Amino acid sequence: MPRVREIGYLADKWGRKASAAAPDYEHGVRNPTTDWQQATLAARDAYRAGIQQSLQENRWENAVRATSTQQWQEAAAQKGPTRYAQGVQLARDKWAREWEPYRQVIESVQLPPRGPRGDPNNIQRVAKIAQELHQARRRRTGGGR
């Protein structure tokens, strides 16, 4: 019968080795052997087939059922705050570039006149902005939802 090291030792080893590999990770990202975009687009059919198989086998639902709300909360509370803050800072300039066309859409919308507070017609102002933003998104993404 094969012997496998106890889980505590293996978990510690994995944590040490994986953490130490951060420079290797960065090197791999900066020096890929193939172009990410081309390879990803070439895998489109395999991706679609995998998604269909996953749906047929209820893998997503099974994975959700395997993690309790408490488990999700613990993991998110432990990892999320620092990663979120760092990610926001790193994405600041991209966010501004991506938001700007939508800001321009909102500023260019010709809104119907505002009615008195609580007037049901006021919702048409919101609907007009939502419609224009949806159309702008479809133009930017080539269709979509």
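Just so it is clear, none of the values below were taken in a lab; they were calculated from the coordinates. None of the values given here were measured: they were computed from a predicted structure. All Cβ positions, glycine included, derive from the backbone under ideal geometry; neighbour counts span all protein chains shown.
Would you please state which residues of region 1-37 a label at residue 74 would reach in this model, taking the label point 7 Å out along Cα→Cβ and a backbone N cut-off of under 16 Å?
Only 8 fall inside the zone, counting backbone N under 16 Å.
What are the ³J(HN,Hα) values, in whole Hz, obtained from phi via the Karplus relation 6.51 cos²θ - 1.76 cosθ + 1.60 with θ = phi - 60°, for each residue of region 22-38 in sequence order, with x given for Gly and Pro?
After applying 6.51 cos²θ - 1.76 cosθ + 1.60, I find 3, x, 5, 4, 4, 4, x, 5, 7, 9, x, 7, 9, 5, 4, 4, 4 Hz.
Using a Cα-Cα cut-off of under 26 Å, which lysines could be cross-linked to residue 13, ignoring same-chain neighbours fewer than 8 residues away?
79
Grab the other residues whose beta carbon is less than 9 angstrom from that of residue 111, score K and R as +1, D and E as -1, and report the net.
Values: positive: 114, 125, 128; negative: none.
The answer is +3.
With everything on Cα atoms, drop me the angle between helix 44-56 and the longest principal axis of the chain, reported from 0 to 90° to the nearest 10.
The helix 44-56 is inclined about 80 degrees to the chain.
Once both axes come from the Cα atoms, what is the angle between helix 7-20 and the longest principal axis of the chain, in degrees from 0 to 90, rounded to 10?
60
Using a cut-off of 13 Å between beta-carbons, work out the net charge of the residues near residue 72 (Lys and Arg +1, Asp and Glu -1, residue 72 not included).
Numbers: positive: 65, 79; negative: 74.
Result for the local shell: +1.
Calculate how steeply helix 123-141 sits against the longest principal axis of the alpha-carbon atoms of the chain, using the helix alpha-carbon long axis, and give the answer as 0 to 90 degrees to the nearest 10.
Approximately 50 degrees, to the nearest ten.
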